[in-house]
Amino acid sequence: MTGTETSVLREMRWWDIDSVLELERDLFPEDAWSRGMFWSELAHSRGPGATRCYVVAEEDGRIVGYAGLTTSGAESDSDGGGAPAADVQTIAVTRDHWGTGLGSRLLTELLRAATAFECTEVLLECRIDNVRAQKLYERFGFETIGVRRGYYQPGNVDALVMRLTDPSTSVNPANPGNGVQGTETHG
């Protein structure tokens, strides 16, 4: 089955950006990220000071999905800012992999990263018209906590703000329904 058994999750690297951009422009034509945005995110995803986690799903040499998360980082504890929080920046899956469980695998990997970053909550914005994504996030325990009017530009589409408290409870490696194979993302 595509998306669950044959896609391999691995760390996103700079050489993946062109393929990711093609998928980004196909799925999000009005508000696609730029090459520079991905470069900037990847610049903070490796080494001991990493504050990002970006992964791709690859199948037969083709990128069929990707996802990214940022965190305030553990250093926020030293300045009195409290425990770090994570923010899901993006999750995307090719149309031919919708409904295969690949989005769940990518989200699970991001929640594992949030747990590794010792985040106590995960936030995200979701287009108000993206019911498929909302249902995915709700299955993982995310709850709507607000609305950002006109968040997605240039289309002026509202975003739901969703939050998950304690991401470690949503990640269950023993649950075969997750279809997750671990990846090394902070090497």
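Of note:
- Only a single item in (1) more than 23 Å from Tyr151 (Cβ to Cβ); (2) under 16 Å from the mean Cα position of the chain (by Cα); (3) surrounded by fewer than 19 Cβ atoms within 10 Å (Cβ to Cβ) is not met by Ser104, and it is number (3).
- Of all residues in the range 117-160, those being in contact with a strand residue (DSSP E or B) (Cβ under 6 Å, 6 or more places away or on another chain), of a type in the set (Asp, Glu) and over 24 Å from Ser72 (Cα atoms) number 1.
- First in the range 149-176 and closer than 18 Å to Ala83 by Cα, second anywhere and modelled with pLDDT under 80 and not in a strand (DSSP E or B), Cβ under 9 Å, 6 or more apart: Leu164/Ser170
- Qualifying residue in the range 40-53 (condition: open to solvent by less than 60 Å² (accessible area, probe 1.4 Å), touching a strand residue (DSSP E or B) at 6+ places or on another chain (Cβ under 9 Å) and basic (Lys, Arg)): yes
- Applying the set (1) touching a Pro at 6+ places or on another chain (Cβ under 6 Å); (2) at pLDDT below 95; (3) open to solvent by less than 30 Å² (accessible area, probe 1.4 Å) to Thr115 leaves exactly one unmet item: (3).
- The range 94-110, residues that are over 23 Å from Ser40 (Cβ atoms) and not in a loop (DSSP other than H, G, I, E, B): Arg95, Asp96, His97, Leu102, Gly103, Ser104, Arg105, Thr108
- Selection within the range 118-143 - open to solvent by 60 Å² or more (accessible area, probe 1.4 Å) and among the hydrophobic types (A, V, I, L, M, F, W, C): Ile128, Val131
- Here Gly177 passes the criteria (1) at pLDDT below 50; (2) in a loop (DSSP other than H, G, I, E, B); (3) under 19 Å from the mean Cα position of the chain (by Cα) except the one numbered (2).
- Whichever residue in the range 1-59 is of a type in the set (D, E, K, R) and farther than 17 Å from Ile91 by Cα and, among such residues, is nearest to the chain's Cα centre (by Cα): Arg46
- Residues of the range 144-174 satisfying the condition of being modelled with pLDDT of 50 or more, open to solvent by 40 Å² or more (accessible area, probe 1.4 Å) and under 28 Å from Glu11 (Cα atoms): Tyr152, Arg163, Thr165, Asp166, Ser168, Thr169
- Pairs, first within 23 Å of Asp96 (Cα to Cα) in the range 26-39, second surrounded by 13 or more Cβ atoms within 10 Å (Cβ to Cβ) and hydrophobic (A, V, I, L, M, F, W, C), C-beta under 7 Å, six or more apart: Leu27/Ala92
- Extreme residue, surrounded by the fewest Cβ atoms within 10 Å (Cβ to Cβ), among residues of the range 60-71 that are over 12 Å from the mean Cα position of the chain (by Cα) and in contact (Cβ under 8 Å) with a residue 40 or more places away in the chain: Asp60
The values are calculated or read from the model by the stated rules, or taken from the named source; none is laboratory data. Please read all numbers here as calculations on a predicted model, not as lab measurements. Note that we place each Cβ from the backbone using ideal geometry, even for glycine, and neighbour counts take in every protein chain shown. Ligands, DNA and RNA are excluded from the accessible area calculation, which covers all protein heavy atoms including side chains. Shrake-Rupley method; radii C 1.70, N 1.55, O 1.52, S 1.80 Å.
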